[in-house]
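Values quoted throughout were computed directly from the atomic coordinates according to the rules given, and no laboratory measurement underlies them. Quantities reported herein were computed from a predicted structural model and do not represent experimental measurements. A quick note on method: Cβ atoms are made from the backbone with ideal geometry, for glycine too, and the neighbour counts reach across all protein chains shown.
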Amino acid sequence: MPVLQIHDEGFTLDGQPLRIISGGLHYFRVHPGHWADRLRKARLMGLNTVETYVPWNLHQPRPDEFRLDAGLDLPAFLDLAAAEGLHVLLRPGPYICAEWEGGGLPSWLLADPDILLRSQDPRYLAAVEDFFERLLTPLRRHLSTNGGPVLAVQVENEFGAYDGDTAHLAHLAATLRRCGVDVPLFTCDQPGDVVRGALPGTLATANFGSRSAQGLATLRAHQSTGPLMSTEFWIGWFDRWGGHHVVRDPAQAAEELDTVLATGASVNLYMFHGGTSFGFTNGANDKHTYRPTVTSYDYDAPLDEAGDPTEKYEAFRQVIAKYAPVPAEPVPARAPKIGPLTVELTSCAPLFANLPALGEAVRAERPLTMEQLGQDFGFVLYETVLPAAGPVLLEAETVRDRAQVFVDGQPVGVLERERHERAIAFTAPRAGAVLSLLVENQGRVNYGPGIHDRKGLLGRVLLDGAEAAGWTSRPLPLSSLDALPFTEDAGTRVGPAFHRGTVRLAEAGDTFVHLPGWTKGNVWVNGFHLGRYWSRGPQRSLFLPGPVLRPGANEITVLELHAAHRARSVELREHADLGPTEE
């Protein structure tokens, strides 16, 4: 059976030289109804391999629950890759970064107040070992040693930039082996971190997007023999709320790819197809200022967010053809899209009027964090009673990440972690008025020491300098909206509300939801959570995969956290709007 071998001169597979020409394709960022299409387009561009991370936090949402079904059916994805004739590079973490919520680490780990993630902390190791056993046992048949497509498995991810504790990497590698992984292992790091992140006896690879010759030279200086490989060859980048849409010139990116392939190195394009961080799954960065990532993970990749070939697809295909066989089939055409259509959202369910349908309040002297509530994504509503009427100074020690403040249901301001805001002044209309803080988890930090990113209200909350006591903390994960009672919307609403409408379609197909005039919130279609929107931009549309839709009636639900669009409508359009690019 074909098994990847690592020699001084390079890779061989079944005794024949192999250059890995791969592309990143995260199954969890693509609707499963689109997996086969994206894999076919990978092969047609000339790739012989695809790479994917594995998001621990989705597969094991609670310590006693493990999922490997529906959009998380990794075995099915691997079967489709094999059917397309593609090899697979598997990157199971446990930490993945990926601009993904918490770098893929499950939030329940953070319920322990002093746990040290990505370390030899016994509590962390026990959780990792349990995860690997649950994940890898059903994947063994997919290893190339058992006739499957998985050629190699990564140990951790860019660990040299985090810690560099070789003993931890060795422990993870031994755990992978104990769980039946008998294909080659590899590590990946940025060139300056290769020495700290390498594991003796394991192939080291490098991540970069420019100065390729220099990056490969640094890798060769550390690893004098064996294959050269860039596991993340960055051909685009991700976007953050409040920034611009990042793009990279196709010709320049293709020239850099040519430089890599001309050396004889193997490569994995990051990304071949970025897809979408559906729901609440986007991550964030925090290098002294918190920056949440947008919903789209288009990444300016060869296949755009909707899976259509871009100019970069053709440019890369031409470069790859200089070094490897490329199928003679033509470049796939852009898939048809639904639109333009205007969808009226005629019914409404105010959030504050329907709290019991969304989550059960927990009483405590202090606000409880999301992790203490056993919650991963969404919002927490914190409430207490104001003792007297008159001016009030509210000070929240730590807001993670955005708190909308209300008094008796009336909005009085917003506190944003991103803007380092901690205090707000308002006037209480009466003694006994209800103070409410609706706190949104905008994405756990996915890189660096900030991954210990607990959510909600952390620490003390002060009212005129005195700590407020007697709180309720209500988890609002919004994992299901089925219990919400919608009524016809008769007029202006104050405060967050769900708005719902129906669109009838002759047939299903991909489209983009645009929300002109709306401020901030989330969108669901037929119960499928598309993700977040925000007028702050740059992203101005949400990708709606065709498999979510159906012929006939389709239900669109918008949670607007601020002021609803006066027309109470959204639009389905044929094209995305990811915002302005930097000049």
| remark: Label model pair Ala431, Phe352: point-to-point distance (7 angstrom along the Cα→beta-carbon line) in nm is 2.2
| message | At R0 = 25 Å, how high is the FRET efficiency between His7 and Ala83 if r is their beta carbon distance? Nearest 0.05 is fine. | response | 0.30
| query | Relative contact order of the stretch 394-471: what whole-number percent is it, with Cα pairs under 8 angstrom and at least 6 residues apart? | reply | 40
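Using 1/(1 + (r/R0)^6) with R0 = 35 angstrom and r between the beta carbons of Glu467 and Lys287, what's the FRET efficiency to the nearest 0.05? Could the numbers behind the result be given before it?
Numbers: r = 31 Å, r/R0 = 0.88.
Calculated value: 0.70.
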| field | For the stretch 117-123, Karplus couplings with θ = phi - 60° (6.51, -1.76, 1.60), whole Hz, Gly/Pro x | value | 6, 6, 8, 7, 3, x, 5
| field | Alpha-carbon centroids, the stretch 517-573 and the stretch 1-75: separation in whole Å | value | 30
| remark: The extension gain from Thr398 to Asp182, computed as 0.36 nm times the residue separation minus the Cα-Cα distance, is 73.2 nm
| Estimated distance in nm for a label pair at Asp64 and Glu571, the labels positioned 7 Å out from Cα along Cα-to-Cβ | 5.0
| task | Using only the Cα atoms, work out Rg/Rh for the stretch 392-498, with Rh taken as the Kirkwood radius, to two decimals. | result | 1.00
| field | Net charge over other residues, Cβ less than 14 angstrom from the Cβ of Ala204 (K, R count +1; D, E count -1) | value | -3
| request: Please report, to two decimal places, log10 I(q)/I(0) for the stretch 375-416 at q = 0.25 Å⁻¹ as given by the Debye formula with identical point scatterers on the Cα atoms and no solvent. | output: -1.13
| request: Residues in the stretch 50-71, backbone N under 16 Å from the label point at Arg141 (7 Å along the Cα-to-beta-carbon vector): list them, ranges by number please. | output: 68-69
| Using alpha carbons only, what's the Rg to Rh ratio of the stretch 127-271 with Rh from Kirkwood? | 1.01
| task | Mind pulling the angle between the C-alpha long axis of helix 212-222 and the longest principal axis of the chain? Nearest 10 degrees, somewhere in 0 to 90. | result | 70
| Out of these labelled values of Rg and Dmax of the Cα atoms in Å, (1) 23.3, 68; (2) 25.2, 94; (3) 24.6, 81, which was calculated from the coordinates shown here? | (3)
| remark: Only helices counted: for the chain, with every DSSP H run of 4 or more residues adding -39500 (n - 2.57) and the sum spread over all residues, [θ] at 222 nm is -4500 deg cm²/dmol
| query | Once both labels are modelled 7 Å past Cα along the beta-carbon direction, what's the Ala483-Asp112 spacing in nm? | reply | 3.2
| Calculated P(r) tail over 16 Å for the stretch 295-409, as whole % of Cα pairs | 79
| note | Among the stretch 110-148, those whose backbone N falls under 14 Å of a label point 7 Å along Cα→Cβ from Thr166 are none
| note | Restricting to Cα pairs under 8 Å and 6 or more apart, the percent relative contact order of the chain works out to 15
| Can you give the percent of C-alpha pairs in the stretch 201-268 whose distance is more than 19 Å? | 37
| message | Counting only other residues whose beta carbon sits under 13 Å from that of Arg178, what net charge do I get with K and R as +1, D and E as -1? | response | -2
| request: Sticking to Cα atoms, compute the Rg of the stretch 499-572 to one decimal and its Dmax as the biggest Cα-Cα distance, whole number, in Å. | output: 11.7, 34
| Column: log10 I(q)/I(0), Debye, Cα scatterers of the stretch 460-549, q = 0.11, 0.15, 0.16, 0.17 Å⁻¹ | -0.49, -0.80, -0.87, -0.95
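Convex hull over the alpha-carbon atoms of the stretch 128-204: what's its volume per residue in Å³?
81
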